[in-house]
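Single-structure report; data block below.
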Amino acid sequence: MLDKAPNGKVSDLLNALDKALSAGEVEHAVDLFQMDCYWRDLVTFTWNIKTMEGKEQVRDMLKARLADTKPSNWKIADGEDASEADGIAESWIQFETEVARGFGHMRLKDGRIWTLLTTMSELKGHEEPVGFGRPMGAKHGAERNRKTWKEDREAEAAELGYSRQPYCVIVGGGQGGIALGARLRQLDVPTIIIEKNERPGDSWRKRYKSLCLHDPVWYDHLPYLPFPRNWPVFSPKDKIGDWLEMYTKVMELNYWGSTECKKASYDEKSREWTVVVQRDGKEIILKPKQLVLATGMSAKANIPEFEGMEIFKGDQHHSSQHPGPDKYKDKKAVVIGSNNSAHDICAALWEAGVDVTMVQRSTTHIVKSDSLMELGLASLYSEQAVQSGMTTAKADLIFASLPYKILHEFQIPVYNAIRERDAEFYKRLEKAGFLLDYGDDDSGLFMKYLRRGSGYYIDVGASELIANGSIKLKSGVDVKKLTEHSVILSDGTELPADLVVYATGYGSMNGWAADLISREVADKVGKVWGLGSATTKDPGPWEGEQRNMWKPTQQEALWFHGGNLHQSRHYSQFLSLQLKARMEGIPTPVYGLQEVHHLG
Ligand SMILES: Cc1cc2nc3c(=O)[nH]c(=O)nc-3n(C[C@H](O)[C@H](O)[C@H](O)COP(=O)(O)OP(=O)(O)OC[C@H]3O[C@@H](n4cnc5c(N)ncnc54)[C@H](O)[C@@H]3O)c2cc1C
């Protein structure tokens, strides 16, 4: 029989919290928290994405926000039971605020709150049209000159951006812009997505030909429309491109392909953007109230500058421009870089019969895909998780409930176990000269991704080719210069080359703000991405959340959206609610707007 005792513990705590918060008794509420507590709020209390760390920060936030927020009805979520293991009781919870319904997660240690996650599910009076609220589609009855669904859609497409202005413009129609656009459509926020490629999905289609997603299907669903159960575990890039194109159509998005955003400026007085776009050879001026840059954190190519690049006679390009291996059979290739793209491209070149050398300047974290799936992701995102009743929404919320400050502590044991399991594999790689790391504090791939968005390869086969020498390796060296037919390394080695691929990564999204708006605005909002962990490429001070992502920035009405498919899915919910609230004139006082410590 189910042990109901945890329900009692959690309910007692929630009742006490409800009572203290309803009475405005901040001290009583703070007393219910552990000393080392974490309260992560996704928009409900703070109109921000913010983690309060420790009682002092919880107190400060409540003092600032409790009176406006007016939370109530805290309880164990409908249909859920609390559970307890290793001295931690935990439960899904629900609550309301003055303007919204919330869902969350709570962990109790010694009868007090250790972690609390509060997220906004919906704005009262502005719920999405689902279930009993779904649209009729047909208009029953008789009506002269009635319009069909198709005619209505065509009329909308003809007027939005021309005779009627969108409330929101999203620049970038990759999966980020598309997922956010879908949420905004459901919330009835008039939105146009601007994409310089011709078709939705092109940002995937245009990547190197051998690319398949590195993350498995359970991690990758888009909002509203999960992949079918027979979808492959690792989506080939062109297949995911087609899915995005289909999704854009069926979710009825106003998607302007072959349209480039040229520049944007904000008028502080009218609180309106002027966005200049080029569509079908014509300049169009859009006047939205909100501007979202969904231009991709893996889209602004970092192209190094080496002496001699201008005289090199072979082909040279950034990994994002790499066409695939076909025309390089029997030729010599040098791939500069040692992360995901470098490995994928080297492997595909080797398969096509190219003599390929990887140049590794500094250490890289490698994790075998099956080990990552089994030890890193299985409990939340896997077929086993699905079988045991885990939903994508719950998996996302459990992941979100682990505070960033201590997330590495949960990750270190996972990567230690992976190191042990794959010890032989790592030994062989090192023997081949490959420089390995496991993250600055051995916390592995996820932390590297969250902190710096680079520095790793999820091994799907290329590592074996490096270990057995099929892909040649030069490590611990940099490129000194290029000659007409070769690459000269810092140790004096000369590598003859017909092709040089710069798999040297991507620049910060801040760079897009500088290009499209101004350097001044880019500097005002500061660095995008990273946690302030004071690890490589993620300078301190500690920020507690990812810089500038999905939340208000120092530039009013400017937002950044993106990340991997999981993040796009999860955080588009909270960004869309922030935009909807502003459109409806719901007060959205932001608590704890992040300070800027670093530029671009
Ligand atoms: C090789 C590689 C493998 C990856 N594998 C995975 C994976 O397995 N799983 C995963 O989740 N992520 C993966 N990623 C990360 C991947 O980049 C992102 O998940 C995804 O592309 C991000 O989507 P996005 O919409 O934020 O950006 P993008 O897909 O980069 O889309 C940004 C869009 O903005 C458009 N744009 C930019 N500037 C303008 C402008 N001025 N006007 C109009 N349009 C503009 C671009 O054309 C582009 O289409 C991988 C990335 C790379 C490079």
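Inspect all residues belonging to the stretch 37-44 and state whether any of them is over 17 Å from Gln94 (Cα atoms) and out of contact with any strand residue (DSSP E or B) (no Cβ under 6 Å at 6 or more places or on another chain). Within the stretch 37-44, none of the residues are over 17 Å from Gln94 (Cα atoms) and out of contact with any strand residue (DSSP E or B) (no Cβ under 6 Å at 6 or more places or on another chain). Out of Arg185, Arg207, Arg199, Arg146, I need the residue that is of a type in the set (Lys, Arg) and in a helix (DSSP H, G or I). Which one? Residue meeting the stated conditions: Arg185. Quick check on Pro226: is it of a type outside the set (S, T, N, Q), within 11 Å of the ligand (Cβ to nearest atom) and under 19 Å from the mean Cα position of the chain (by Cα)? The answer is no for Pro226. Does the stretch 194-206 contain at least one residue that is within 26 Å of Tyr456 (Cβ to Cβ), among the small types (Gly, Ala, Ser) and either at pLDDT below 95 or more than 10 Å from the ligand (Cβ to nearest atom) (or both)? Scanning the stretch 194-206, I find at least one residue that is within 26 Å of Tyr456 (Cβ to Cβ), among the small types (Gly, Ala, Ser) and either at pLDDT below 95 or more than 10 Å from the ligand (Cβ to nearest atom) (or both), so the answer is yes. Note on the stretch 425-443: residues that are open to solvent by less than 20 Å² (accessible area, probe 1.4 Å) and farther than 18 Å from His343 by Cα total 2. For the condition among the basic types (Lys, Arg), open to solvent by 60 Å² or more (accessible area, probe 1.4 Å) and at negative phi, Lys269 qualifies.
Here Leu108 passes the criteria (1) within 11 Å of the ligand (Cβ to nearest atom); (2) over 23 Å from the mean Cα position of the chain (by Cα) except the one numbered (1). Here the strands (runs of 3 or more DSSP E) wholly within the stretch 259-350 that include at least 1 residues being under 30 Å from Glu520 (Cβ atoms) and of a type outside the set (Phe, Trp, Tyr) are 259-267, 272-279, 282-286, 290-293, 315-318. Checked against (1) under 20 Å from the mean Cα position of the chain (by Cα); (2) more than 9 Å from the ligand (Cβ to nearest atom); (3) closer than 28 Å to His343 by Cβ; (4) small (Gly, Ala, Ser), Ser210 meets all criteria but (1). For the stretch 327-337, the criterion of being open to solvent by 10 Å² or more (accessible area, probe 1.4 Å), within 14 Å of the ligand (Cβ to nearest atom) and within 32 Å of the chain's Cα centre (by Cα) is met by at least one residue. Residues that are out of contact with any strand residue (DSSP E or B) (no Cβ under 6 Å at 6 or more places or on another chain) and either within 15 Å of the ligand (Cβ to nearest atom) or among the small types (Gly, Ala, Ser) (or both) within the stretch 256-274 comprise Gly257, Ser258, Ser270, listed in sequence order. Of all residues in the stretch 423-463, those satisfying the criterion of being over 11 Å from His365 (Cα atoms), in a loop (DSSP other than H, G, I, E, B) and not charged (D, E, K, R) are Ala432, Gly433, Gly453, Val460, Gly461. Taken together, the residues in the stretch 362-393 that are closer than 26 Å to Lys50 by Cβ, buried (at least 16 other Cβ atoms within 10 Å of the Cβ) and not aliphatic (A, V, I, L, M) amount to 2. Inspection of the stretch 149-167 finds no residue satisfying the criterion of being within 8 Å of the ligand (Cβ to nearest atom) and either out of contact with any Ser or Thr (no Cβ under 8 Å at 6 or more places or on another chain) or open to solvent by 10 Å² or more (accessible area, probe 1.4 Å) (or both).
Answer yes or no: is there a residue in the stretch 363-371 that is within 12 Å of the ligand (Cβ to nearest atom) and either among the polar types (S, T, N, Q) or in contact (Cβ under 8 Å) with a residue 24 or more places away in the chain (or both). For the stretch 363-371, residues within 12 Å of the ligand (Cβ to nearest atom) and either among the polar types (S, T, N, Q) or in contact (Cβ under 8 Å) with a residue 24 or more places away in the chain (or both): present. Which members of the stretch 119-159 meet the condition of being within 30 Å of Leu397 (Cβ to Cβ) and either touching a Gly at 6+ places or on another chain (Cβ under 8 Å) or aromatic (Phe, Trp, Tyr) (or both)? If the condition is that a residue be within 30 Å of Leu397 (Cβ to Cβ) and either touching a Gly at 6+ places or on another chain (Cβ under 8 Å) or aromatic (Phe, Trp, Tyr) (or both), then Thr119, Met120, Ser121, Glu127, Phe132 are the ones that fit.
Of all residues in the stretch 339-348, none satisfies being more than 16 Å from the ligand (Cβ to nearest atom) and either at pLDDT 95 or above or touching a Lys or Arg at 6+ places or on another chain (Cβ under 8 Å) (or both).
For the stretch 1-116, give me every one of the helices (runs of 4 or more DSSP H) that falls completely inside it and has 2 or more residues that are charged (D, E, K, R), on the phi > 0 side of the Ramachandran plot and touching an Asp or Glu at 6+ places or on another chain (Cβ under 6 Å). Here the list is empty. Listed by first and then second residue, the pairs linking a residue in the stretch 434-449 that is over 14 Å from Gly530 (Cβ atoms) to a residue that is among the small types (Gly, Ala, Ser), with Cβ atoms under 7 Å apart and 6 or more places separating them unless they lie on different chains, are Phe434/Ser475; Leu435/Ser362; Leu435/Ser475; Leu435/Gly476; Tyr438/Gly444. Report yes if some residue within the stretch 169-189 is charged (D, E, K, R), more than 9 Å from the ligand (Cβ to nearest atom) and at pLDDT below 95; otherwise report no. The answer is no, given that none of the residues of the stretch 169-189 is charged (D, E, K, R), more than 9 Å from the ligand (Cβ to nearest atom) and at pLDDT below 95.
The values are calculated or read from the model by the stated rules, or taken from the named source; none is laboratory data. None of these values were measured; they are calculated from a predicted model. Neighbour counts run over all protein chains shown; Cβ positions are idealised from the backbone, glycine included. Surface accessibility is based on the protein's heavy atoms, side chains included, excluding ligands, DNA and RNA. Shrake-Rupley method; radii C 1.70, N 1.55, O 1.52, S 1.80 Å.
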